[in-house]
Amino acid sequence: EASIPERASWCQTPPMDEEDPNCVKLTITGNFQRVSSADTQTAEEALFARHPDMKLWPRGHKWLILELKPTSLFLLDAYGGAKHIPVEEFMRAEPAPAPKKLPPPRPATGRPPFFERARRARWLVHSSRWGTLGTTSVHLFGAPFGSAISFSDGADDEATGRIFMYLTKMDAAAQDIAASSSSVASFTLTEMPLGVCKRVCAEDPTCARITLTGPVRVVNGTDTQLARDALFSRHPAMARWPAEHHFEFYELHIETIFFLDMYGGAKPLELAEYWKAYGSAPTMP
C-alpha cells in the first residue's frame, strides 16, 4: 500500500509505518508466461493505459509482453500475520474503488546527476524508507518471495550505506533467513516513491533502481546501538512495537550491487565506489 501515492503518506504517519500490518502488503508468486497472440491487444491496452510512455519505448529493444500466472498469494492487512488467499478467490473478486486522490509526495531533494553513479546510489539508499526483500521461501518450497520491509541506513544526517532492518521471527522473511545461514537475499529500491520520477513509469531507466544482494544476519555487539538509532530515528513507530513479538535488528551484508539510472542497462557498481561515495567503508563484523 505504501507504493500507492494516494496512500503512502498514511502509511508513514505515526503511529503507522510502512512495515505495520495495517499498511497492506501483497506478495504474488507464480510463473511468467509470454502473452498469447489472442491476448496481446488486451495486454497492450492495459499496459499503455496505465503507462502511456511505454508506447514510445524503442521497438529495436524487442519488448516482450509477459503475464504472471499466480500460484499463491499472501496478504497482510491486519495484525495476526499474513494469510493465504486462494488464487480462484482473488481472480473472482471485484476490485475495490480507487483511493481518493491526494497531493503527490513532496519530491526528495539533493539527487545527484546520473553520471555520478555511486553518489546517486547512496542517495537513493539514504532517501528511501522501505524496499523489497527477496528471500528463498521455506513455505513455498524454494520459490522466490518478496516482502515489503522498512529499513534505514542511518539518521537523517548520517548516511552509512548499510541496510538495517527490524524483523520478528513471526515474519515470513525472517523465517526464510533463519532457515539457512548461507542463503543470499536481495534488496531492491526504486526512486518512484521519492517523487522524483515525474511522469515516467517505474520501469523507465531514468527512474533509478538498485538491487543489493548478500546474506542477512542478526546484528550483534556494538552495531546494535547503531542499528537501533538508524531505524528508530527514521521509523519512530518501531520503538512501540510489541516486545512479545521478539523483534531483532538485522543487516544485509552487501556483496554485490546492480544499479540502473540511465539508458544502457543495469551495470554492477563496485563496492569500493559505493562505500567511498559518502566516506569510507564501514567496519563489518
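Just a few scattered comments:
- Leading residue by the ranking (nearest to A179 (Cα to Cα)) among those in segment 230-254 that are in contact (Cβ under 8 Å) with a residue 40 or more places away in the chain and open to solvent by 70 Å² or more (accessible area, probe 1.4 Å): H246
- Single match in D171, D153, D176, D157 (criterion: more than 21 Å from Y278 (Cα to Cα), of a type outside the set (S, T, Y) and either modelled with pLDDT of 95 or more or open to solvent by 60 Å² or more (accessible area, probe 1.4 Å) (or both)): D176
- Given (1) more than 30 Å from F247 (Cβ to Cβ); (2) in a loop (DSSP other than H, G, I, E, B), number of the condition G80 does not satisfy: (1)
- Single condition A227 does not satisfy, out of (1) in a loop (DSSP other than H, G, I, E, B); (2) under 25 Å from A8 (Cβ atoms); (3) touching a residue at least 12 places away in the same chain (Cβ under 8 Å): (1)
- T190 being in contact with a Lys or Arg (Cβ under 9 Å, 6 or more places away or on another chain) and within 28 Å of A78 (Cα to Cα): yes
- Flag for R34 being at pLDDT 95 or above and under 22 Å from C201 (Cα atoms): yes
- In segment 228-257, the residues that are out of contact with any Pro (no Cβ under 8 Å at 6 or more places or on another chain) and of a type in the set (S, T, N, Q): S233
- Residue match in segment 31-49 (condition: out of contact with any Lys or Arg (no Cβ under 8 Å at 6 or more places or on another chain), surrounded by 11 or more Cβ atoms within 10 Å (Cβ to Cβ), under 23 Å from G265 (Cβ atoms) and of a type outside the set (K, R)): yes
Per-residue answers, yes or no, for (1) without any contact (Cβ under 8 Å) to a residue 60 or more places away in the chain; (2) among the charged types (D, E, K, R); (3) touching a Phe, Trp or Tyr at 6+ places or on another chain (Cβ under 8 Å):
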site	(1), (2), (3)
W123	yes, no, no
G146	no, no, no
I149	no, no, yes
K169	no, yes, no
L189	no, no, no
A202	yes, no, no
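- Scanning segment 44-77 for residues that are of a type in the set (A, V, I, L, M, F, W, C) and in a strand (DSSP E or B) yields a count of 6.
- Counting only residues that are over 14 Å from W123 (Cβ atoms) and under 15 Å from the mean Cα position of the chain (by Cα), segment 168-192 holds 6 of them.
- R209 closer than 30 Å to H51 by Cα, charged (D, E, K, R) and at pLDDT 95 or above: yes
- Within segment 1-22, if we keep just the residues that are surrounded by 14 or more Cβ atoms within 10 Å (Cβ to Cβ) and without any contact (Cβ under 8 Å) to a residue 24 or more places away in the chain, the residue that is nearest to G81 (Cα to Cα) turns out to be C11.
- Boolean, S186 is at pLDDT 95 or above, among the hydroxyl-bearing types (S, T, Y) and buried (at least 18 other Cβ atoms within 10 Å of the Cβ): yes
- Screening V200 on (1) assigned to a strand (DSSP E or B); (2) touching a Cys at 6+ places or on another chain (Cβ under 6 Å) shows it passes everything except condition (1).
- All conditions in (1) open to solvent by less than 50 Å² (accessible area, probe 1.4 Å); (2) assigned to a loop (DSSP other than H, G, I, E, B); (3) touching a residue at least 60 places away in the same chain (Cβ under 8 Å) hold for C207, with the sole exception of (3).
- Any chance A202 is buried (at least 19 other Cβ atoms within 10 Å of the Cβ) and modelled with pLDDT under 95: no
- All helices (runs of 4 or more DSSP H) inside segment 84-187 with 2 or more residues being more than 17 Å from L26 (Cα to Cα) and among the charged types (D, E, K, R): 117-127
The values are calculated or read from the model by the stated rules, or taken from the named source; none is laboratory data. Only a predicted model underlies this, so the values are computations on that prediction, with no experimental measurement involved. Note that each Cβ is placed from the backbone with ideal geometry, even for glycine, and that neighbours are counted across all protein chains shown. Ligands, DNA and RNA are excluded from the accessible area calculation, which covers all protein heavy atoms including side chains. Shrake-Rupley method; radii C 1.70, N 1.55, O 1.52, S 1.80 Å.
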